[in-house]
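*Asks:* The structure that follows is given in the form of structure tokens.
The values are calculated or read from the model by the stated rules, or taken from the named source; none is laboratory data. This structure is a prediction, so every number in the text was calculated from the model and none was measured. Neighbour counts run over all protein chains shown; Cβ positions are idealised from the backbone, glycine included.
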Amino acid sequence: MEEKFEPKIIAFLCKWCSSAGSDLAGVSRMKYPPNVVPITVMCSGSISPNYILSAFKDGADGVLVSGCHPGDCHYIKGNYYARRRITLVKELLEFIGIEPERFQMSWVSAAEGAKYTEIIKDFVKELEPLGPQNKLRSNL
Amino acid sequence: MQMILSKMNFSSWLKKLNSYRIFAPVKSGEVWSYELVEKPENIILDYPNTIIPPKKVLFPQREVLLEFESSSEQEIKLKEVIPEETPSVIFGIRSCDASGLAKLEKIFKGGFEDLYFSKRKNQTILVGLACNIPPSPDCFCTSVGGSPYSKDGLDILMTDMGDEYYVESVTEEGEKLIESAIGLFNDPEENVKKELEKIHLESEKKIKRYIKDIDKISSKLPEIFETEFWDKESLSCILCGICTYSCPVCHCFDINDEVICTFPLKGKRVRTWDNCQFPDFTMHSSGHNPRPDKASRLRQRIMHKFNYFNENCMELLCTGCGRCISKCPVGIDIVEVLEKVRVYEK
Amino acid sequence: MVKLDDIKKECKSILEEGKVKYIVGYKRNNNYYMSIPAFIEKIEETDQLIWDPTCVYNLVRFLRDEKLRKERQKTPDTRPIGVIVKGCDSRAINVLLQEKFIKRENVYIIGVACEKSGVIEKKKLRKKFNEKNIKQIEFGKDNNFIITTEKGKTTISAEEILAERCIECNNNTPVIYDVLLGEKVERSLSEHFRSLEKFESISTEEKWNFWKKELDKCIRCYACRSVCPMCYCDECIADSISLAVKPDTTAEEKAQKIRWVEKSPVSSENFSYHLIRALHLAGRCIDCGECERVCPVDIPLRYLNKKMEKEASEQFGYTAGLDPEKPALVSDFKDDDPQDFII
């Protein structure tokens, strides 16, 4: 039997909202695909484009950046900075021919466990037909 | 052995060499470079000169030296990676590049033998092409002990005679390469040799750039080591790596461990080209950099080529290919710099 | 039209008055039709100065060298240095001022307006002429260039050999200067982002194949970084300066050290380097096109930066190097920045 492709997602979650949201999904026993490796960061604004590129380089099939809703940032405006920066990263990745589905950003609050599970479910569904990401994967 | 090969038979000769890997200049966009050729019949030998010299075939920009793997702190498995000895031929090397490879051989095989270079070199036959016209307006091979038809470092030298090539073997390996397809070659008629000499002499005359008193310059360099000459000459330098990466004899390298997986630890130790113009080239782990500015780095490049190597090996570390002049993004001209050294007075 | 004599006169007078330490301008390459950067210290040397369509260099790059030199000297000459800038180059000065890398009093800006032309692109020139025969290229009247070859003079419409970036340029007049030579001329030769149009109609796979082919050529000579006036980081992410390996550094520690980009010129590392560079230049690149010009293997690097410029302009209404007082693109935000892509 052919093995089904299981996409690997790296999710950079801000500590105050999105990470807490994913915890809520966990403690509430909500079901979502196990394809995601969450990495908690202090703020979505602290995510350097380097993180994203090296996640792809180390073999991520998809990368998710998630932070607090606008206005809710623990550091007042970190997520606003993130929004600009991630826009640029997203545009650049699309420009060089990376499928736009592979890189996504979301706002997930600490209360939105359900939203988090939906995001991951959809993300996995979108990545499945694309197959493994080999374009940026390290070929050292 | 001296033979004549009709240009029509050139590709048949190449086809007969199917037991070799064949490298030749390939054009992509506007850039020529030495590449492994799948269809040797498509080789075009009428080319200016490549950006990257053929050193990249014998001394690749990235070379894996060994692979390591460790599952615990006590145990580290090492696997040496030695290049396979595949017989290869490089076609269409210019005389300057061939003498560059001969100089590299002195470096990589003199004293300490570098396995990686020498394994490749031993299995590679170099077929040169004399320059009837200098491939670049910046050529100055005659000033540094070379010539557009020098046989130094080559196994075979070919000269374009219009409809045919004059093919001359220099070494036994070269002779064998010709003999393997001897049916395609003809013996040269007597007047052809005169013609050949004429072509060679004329091509030498076409070289426009010349360095005067190169020996004097070489011995004068240490005298002006501490002067502000270098500050002035390096003002426009931007410290990129074009001059050294495109140099047929620059051979500095860096060794790094490239980690592919952190747990279990797995990776490769690789050697990559390095460059005396880069900020981290001489950087010490203390943070001190003995060559902190561009003056000292330009000086290093000139001193290494025209003084240090001359003292150690009694020859210049420059073949006069002119690449560093043509490709310098800010027009730094090594011939002019040396001329300024010659006339410089403290 | 800008008169060379005016440039020389201005340079002479500021050197005479002792206003500047030296002037960075353009002079002729002795063996080639191109110009080269000139560092003019003495009044009599001002005669070497030239102004023609081969003045491609962005001389603002050399302000960084001056800054480093000053830092090393015990009693540095604190006078400013003069620098001759085109419209695009002047925006680079604005970015450096905005980032507080230099101070306004460190530099005396001699602005030169490109008016209706600009500088040449060698690639285009090579298609029309045998480079070896070219002796000189000059500005002609009516938006023309005059090319002198061994056979004589030829007039050619500027647009035929004008650099792509000049065709797309919006700042033919310097935006910051102490003295301006030439006239402020309104012009619109073409759409500002015309060169990117060809990417809009192609598929993701085609885009990838294009960039894969181009970036695989990279030999990591870092000429693009070295020539860039904005690439002034003390420690570039591509260098290993910050990764000093000491005798007691264990294999484990080495492995854990973050190396964003390895030195090996393989596909994934080349992509990392060029993407990071493009992102670091987002909102800072002023499209002087130097990175693309110096690339020895002809990678069209300008498109990456141009793409970032386009997004900055269209999504955030930001153009680099126009106002040194404004916050930079990525250290600012608006409440209503676009966020349609965010789930």
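*Asks:* If a residue must be closer than 21 Å to C:Ala320 by Cα and among the acidic types (Asp, Glu), how many such residues does segment C:106-123 contain?
*Replies:* The number of residues fulfilling the criteria is 1.
So that you can scan it fast, the table gives a plain yes or no per residue for (1) more than 23 Å from B:Ala24 (Cβ to Cβ); (2) of a type in the set (Val, Ile, Thr); (3) surrounded by 15 or more Cβ atoms within 10 Å (Cβ to Cβ):
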{"site": "B:Leu129", "(1), (2), (3)": "no, no, yes"}
{"site": "B:Met161", "(1), (2), (3)": "no, no, yes"}
{"site": "B:Leu184", "(1), (2), (3)": "no, no, yes"}
{"site": "B:Glu202", "(1), (2), (3)": "yes, no, no"}
{"site": "B:Ser234", "(1), (2), (3)": "yes, no, yes"}
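This table checks each residue for (1) surrounded by 13 or more Cβ atoms within 10 Å (Cβ to Cβ); (2) assigned by TED's automatic domain parsing to the domain that holds C:Ser90.
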{"residue": "C:Lys141", "(1), (2)": "no, yes"}
{"residue": "C:Ile167", "(1), (2)": "yes, yes"}
{"residue": "C:Leu180", "(1), (2)": "yes, yes"}
{"residue": "C:Cys228", "(1), (2)": "yes, no"}
{"residue": "C:Cys236", "(1), (2)": "yes, no"}
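*Asks:* Related question: Please determine whether any residue of segment B:309-316 is assigned to a helix (DSSP H, G or I), crowded, with 18+ Cβ neighbours inside 10 Å and within 25 Å of the chain's Cα centre (by Cα).
*Replies:* Yes, segment B:309-316 contains a residue that is assigned to a helix (DSSP H, G or I), crowded, with 18+ Cβ neighbours inside 10 Å and within 25 Å of the chain's Cα centre (by Cα).
*Asks:* Could you grab me the full set of residues in segment B:310-337 that are of a type in the set (Val, Ile, Thr) and within 14 Å of chain C (Cβ to nearest Cβ)?
*Replies:* Matches in segment B:310-337: B:Ile325, B:Val330, B:Ile332, B:Ile334, B:Val335, B:Val337.
*Asks:* If you take the residues of segment A:119-133 that are more than 25 Å from C:Asn270 (Cα to Cα) and surrounded by fewer than 17 Cβ atoms within 10 Å (Cβ to Cβ), which of them is nearest to the other protein chains (Cβ to nearest Cβ)?
*Replies:* For segment A:119-133, the residue satisfying everything is A:Asp122.
*Asks:* Which residues, taken from segment C:6-51, are in a helix (DSSP H, G or I), under 30 Å from B:Tyr210 (Cβ atoms) and acidic (Asp, Glu)?
*Replies:* C:Glu44, C:Glu45, C:Asp47
*Asks:* Follow-up. How do the pairs read when you match residues in segment A:20-45 that are assigned to a loop (DSSP other than H, G, I, E, B) with residues anywhere that are of a type in the set (Gly, Ala, Ser), using Cβ under 6 Å and keeping only pairs 6 or more apart or on different chains?
*Replies:* Final answer for the pair search is A:Ser28/A:Gly113; A:Met30/A:Gly113; A:Cys43/A:Gly78.
*Asks:* Same structure, new question: Do we find a residue being within 14 Å of chain B (Cβ to nearest Cβ), touching a residue at least 60 places away in the same chain (Cβ under 8 Å) and either assigned to a loop (DSSP other than H, G, I, E, B) or not β-branched (Val, Ile, Thr) (or both) anywhere in segment C:280-289?
*Replies:* The answer is yes, given that some residue of segment C:280-289 is within 14 Å of chain B (Cβ to nearest Cβ), touching a residue at least 60 places away in the same chain (Cβ under 8 Å) and either assigned to a loop (DSSP other than H, G, I, E, B) or not β-branched (Val, Ile, Thr) (or both).
*Asks:* Okay, moving on. Could you pull out every one of the strands (runs of 3 or more DSSP E) wholly within segment B:154-269 that has 3 or more residues that are away from chain C (no Cβ under 14 Å)?
*Replies:* B:156-160, B:164-169
*Asks:* A further question on this structure: Step by step: first the residues of segment C:144-184, then only those that are small (Gly, Ala, Ser) and in contact with a Ser or Thr (Cβ under 8 Å, 6 or more places away or on another chain), then the one that is modelled with the highest pLDDT. Which residue is that?
*Replies:* Applying the filter and picking the extreme gives C:Gly182.
*Asks:* Right, here's the next one. Which numbered condition in (1) in contact (Cβ under 8 Å) with a residue 12 or more places away in the chain; (2) away from chain B (no Cβ under 14 Å); (3) not hydroxyl-bearing (Ser, Thr, Tyr) is the only one that C:Arg277 fails?
*Replies:* So C:Arg277 meets the others, but not (2).
*Asks:* Filter segment A:74-104 for residues that are over 17 Å from C:Val330 (Cα atoms) and not in a helix (DSSP H, G or I) and give the result.
*Replies:* Result: A:His74, A:Ile96, A:Gly97, A:Ile98, A:Glu99, A:Phe103, A:Gln104.
Every residue, every condition in (1) at negative phi; (2) free of Cβ contacts under 8 Å to residues at least 24 places away in the same chain; (3) not basic (Lys, Arg); (4) not assigned by TED's automatic domain parsing to the domain that holds B:Glu164, yes or no:
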{"site": "B:Tyr34", "(1), (2), (3), (4)": "yes, no, yes, no"}
{"site": "B:Ile52", "(1), (2), (3), (4)": "yes, no, yes, no"}
{"site": "B:Glu63", "(1), (2), (3), (4)": "yes, no, yes, no"}
{"site": "B:Lys79", "(1), (2), (3), (4)": "yes, yes, no, no"}
{"site": "B:Phe108", "(1), (2), (3), (4)": "yes, no, yes, no"}
{"site": "B:Phe112", "(1), (2), (3), (4)": "yes, yes, yes, no"}
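*Asks:* Further, regarding this structure: Checking B:Cys139 against (1) touching a Ser or Thr at 6+ places or on another chain (Cβ under 7 Å); (2) of a type outside the set (Lys, Arg); (3) modelled with pLDDT of 90 or more, which test does it fail?
*Replies:* The one condition B:Cys139 does not meet is (1).
*Asks:* Looking at the structure I just gave you, is A:Leu136 at the interface with chain C (Cβ under 8 Å from one of its Cβ atoms) and at pLDDT below 95?
*Replies:* Criteria met by A:Leu136.
*Asks:* Right, here's the next one. From the list C:Asn94, C:Asn29, exactly one residue is touching a Gly at 6+ places or on another chain (Cβ under 9 Å) and modelled with pLDDT under 90. Which is it?
*Replies:* C:Asn29
*Asks:* Just give me the residues in segment A:23-45 being of a type in the set (Gly, Ala, Ser), within 15 Å of A:Leu64 (Cβ to Cβ) and away from chain C (no Cβ under 14 Å), in sequence order.
*Replies:* Of everything in segment A:23-45, just one residue is of a type in the set (Gly, Ala, Ser), within 15 Å of A:Leu64 (Cβ to Cβ) and away from chain C (no Cβ under 14 Å), namely A:Ala25.
*Asks:* Within segment A:79-96, track down each residue that is more than 7 Å from chain C (Cβ to nearest Cβ) and either crowded, with 24+ Cβ neighbours inside 10 Å or farther than 22 Å from C:Phe199 by Cβ (or both).
*Replies:* Correct list: A:Asn79, A:Ala82, A:Ile86.
*Asks:* Inspect segment A:47-59 for any residue being closer than 23 Å to A:Asn134 by Cβ, touching a Lys or Arg at 6+ places or on another chain (Cβ under 6 Å) and modelled with pLDDT under 95 and give the result as yes or no.
*Replies:* yes
*Asks:* Which of the residues that make up segment B:127-136 are within 24 Å of B:Phe306 (Cβ to Cβ) and either out of contact with any helix residue (DSSP H, G or I) (no Cβ under 7 Å at 6 or more places or on another chain) or modelled with pLDDT under 90 (or both)?
*Replies:* B:Pro134, B:Pro135, B:Ser136 - these are the residues of segment B:127-136 that are within 24 Å of B:Phe306 (Cβ to Cβ) and either out of contact with any helix residue (DSSP H, G or I) (no Cβ under 7 Å at 6 or more places or on another chain) or modelled with pLDDT under 90 (or both).
*Asks:* Listed residues C:Glu115, C:Glu99, C:Glu105; which is on the phi > 0 side of the Ramachandran plot and surrounded by fewer than 22 Cβ atoms within 10 Å (Cβ to Cβ)?
*Replies:* That would be C:Glu115, the only listed residue that is on the phi > 0 side of the Ramachandran plot and surrounded by fewer than 22 Cβ atoms within 10 Å (Cβ to Cβ).
*Asks:* May I pose another question? Mind listing whichever residues of segment B:108-134 are out of contact with any Gly (no Cβ under 6 Å at 6 or more places or on another chain) and aliphatic (A, V, I, L, M)?
*Replies:* B:Leu115, B:Ile125, B:Leu126, B:Val127, B:Ala130, B:Ile133
*Asks:* Can you give me the ranges of the helices (runs of 4 or more DSSP H) entirely in segment C:113-198 with at least 1 residues that are closer than 27 Å to C:Gln98 by Cα?
*Replies:* Passing ranges, in order: C:164-167.
*Asks:* Can you run down the residue pairs with Cβ atoms below 7 Å, 6 or more apart or on separate chains, where the first is in segment B:232-251 and under 13 Å from B:Val337 (Cα atoms) and the partner is assigned to a helix (DSSP H, G or I) and of a type in the set (A, V, I, L, M, F, W, C)?
*Replies:* Here the result reads B:Glu233/B:Leu298; B:Glu233/B:Val337; B:Ser234/B:Ala295; B:Ser234/B:Leu298; B:Cys237/B:Leu298, each pair linking segment B:232-251 to a residue that is assigned to a helix (DSSP H, G or I) and of a type in the set (A, V, I, L, M, F, W, C).
*Asks:* So, B:Asn307, is that one away from chain C (no Cβ under 11 Å) and out of contact with any His (no Cβ under 7 Å at 6 or more places or on another chain) or not?
*Replies:* The answer is yes for B:Asn307.
*Asks:* Shifting gears a bit: Select from segment A:1-57 the residues that are among the aromatic types (Phe, Trp, Tyr) and surrounded by fewer than 20 Cβ atoms within 10 Å (Cβ to Cβ) and write down the one among them that is farthest from A:Tyr75 (Cα to Cα).
*Replies:* The extreme case among them is A:Phe5.
*Asks:* Residues of segment A:46-69 being assigned to a strand (DSSP E or B) and within 11 Å of chain C (Cβ to nearest Cβ), which ones?
*Replies:* Hits for segment A:46-69 are A:Leu64, A:Val65, A:Ser66, A:Gly67.
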